[in-house]
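Colleague: Pasting a structure here, questions to come.
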Amino acid sequence: MKETSPVLEMKEKLPLLELFLSALCLWAAWYHTPAGALVRTAGAFVFGTRSTARPLLAYFGAGTLVPPRPPLPLLAGPVPPAQALAFGAAAVLDGSGPELAPRLRALSQRLGSDDAALLAIFCGEDAARFAVDEARSMALDDLARALPPRSEACIARAAQAAMLGGAYALGWPLPETVPITSPFGVREHPLLGQRRLHAGIDLGASPGMPVRAVAAAVVRRASADGINGRILVLDHGRGVVTTYCHNDVLLVRDGQRVERGQVVARSGSSGLTTGPHLHYQIDLAGEPVDPLRFRAHAPKIAAGASD
């Protein structure tokens, strides 16, 4: 049987379709790959024109440019424990924690939980009430799953506020009188002799000093290695993780639940250090942040051991 005319027409169009798809692939390679960006940048340099290519490193971040995060505002005074969540929301909204706290409290009373109130701040009270009616629990994750996909952006901001609120609520692992011997930031490593990020702060703890959990948590790691020594990693939920390095003795184990203020280790100088101290680190969503950003008063800086 001879082929019908529509089939013949389709076969005649196939080369044009293949040509179009090939051109589309070339365009994608030209505009959306590091190699294409390099060629476009070099061409712009040779011909003296302005390139529209993004910085090469942007292609290694899922092809997107991530704007730098604005620094958190410095605190004028200690954050009252009951207002920690309000301070987290205010940091996202560029507002005032004390001014936002009454509104958050009123929403919590109407909706039944702080998480529902936080969702109302960012997604609207009607959306939060719908989530409360539909969700199986009052936890933010369950409430968020009850909302439609178009709410993704406001849910992300609510989750960020919850994370920052958790960071503002953290305590301190050592007595306030213990000085800082090395702050957070890029510095010359005292032993390796290279400039690198110091992802936490070093506190000049004497050997055997009790190290306390800064908030309720689950122990994610209680082990040792040649760099960090005897190390504890505590997961406080909502993306907040704290790390305690160079301990002499660990008093908790993997998977154990600990409470705020519980003694979890004894300080020491295990691992790669210049002497006894505690390396204390806060990670938010997997990124290290300066622990002093969440405190109104920082310990004094003094010479001492570091890592």
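The values are calculated or read from the model by the stated rules, or taken from the named source; none is laboratory data. None of the values given here were measured: they were computed from a predicted structure. Glycine also receives a Cβ, built like all others from the backbone with ideal geometry; neighbour counts cover every protein chain displayed. Heads up: the accessible areas ignore ligands, DNA and RNA and are worked out on the full protein's heavy atoms, side chains in. Shrake-Rupley method; radii C 1.70, N 1.55, O 1.52, S 1.80 Å.
Colleague: Using alpha-carbon positions, what is the distance between the centroids of the stretch 141-201 and the stretch 232-252, in Å?
Modeller: Going from one Cα centre to the other spans 13 Å.
Colleague: Between A265 and residues 5 or more places away or on another chain, which pairs have amide H atoms under 5 Å apart, with H built 1.01 Å from N, and which residues are they?
Modeller: So A265 has HN proximity to V211, L251.
Colleague: Taking R0 as 30 Å, what's the FRET efficiency between E259 and T177 from their Cβ-Cβ distance, rounded to 0.05?
Modeller: After rounding, the FRET efficiency stands at 0.80.
Colleague: With a 1.4 Å probe and all protein chains in place, put V233, V211 in order of accessible area, largest first.
Modeller: Greatest to least solvent exposure: V233, V211.
Colleague: Under 1.5 on a/c is rounded, so check that first for the stretch 210-307, then, if it is not, pick prolate when a/b is larger than b/c and oblate when it is not; a ≥ b ≥ c are the square roots of the alpha carbon gyration tensor eigenvalues. Numbers along the way, then the final one.
Modeller: On the way: a/c = 1.57, a/b = 1.10, b/c = 1.43.
Oblate shape, in that a/c is at least 1.5 and b/c is the bigger or equal ratio.
Colleague: Another question, then. Once both labels are modelled 7 Å past Cα along the beta-carbon direction, what's the A216-L74 spacing in nm?
Modeller: Output for this residue pair reads 3.4 nm.
Colleague: Here's another thing I want to ask about it. With a cap of 16 neighbouring Cβ atoms within 10 Å, and only residues DSSP puts in a loop, list the trypsin sites (Lys or Arg not before Pro) found in the stretch 245-299.
Modeller: Qualifying residues, ordered by number: R253, R260.
Colleague: Would you mind computing, in nm to one decimal, how far apart the modelled labels at A153 and A298 are, each placed 7 Å from Cα along Cα→Cβ?
Modeller: 3.5
Colleague: With every protein chain left in place, what is the accessible area of F20 in Å² (1.4 Å probe, nearest 10)?
Modeller: 130
Colleague: Which shape class, rounded, prolate or oblate, goes with the stretch 152-224 when its Cα gyration tensor gives a ≥ b ≥ c as root eigenvalues, a/c under 1.5 marks rounded, and past that a/b bigger than b/c marks prolate?
Modeller: oblate
Colleague: Moving to a separate point now. Using the Karplus equation 6.51 cos²θ - 1.76 cosθ + 1.60 (θ = phi - 60°), what ³J(HN,Hα) coupling, rounded to whole Hz, does each residue of the stretch 90-105 give in order, writing x for Gly and Pro?
Modeller: Running phi through 6.51 cos²θ - 1.76 cosθ + 1.60 with θ = phi - 60° gives 5, 5, 6, 8, 6, x, 10, x, x, 6, 7, 4, x, 5, 5, 5 Hz.
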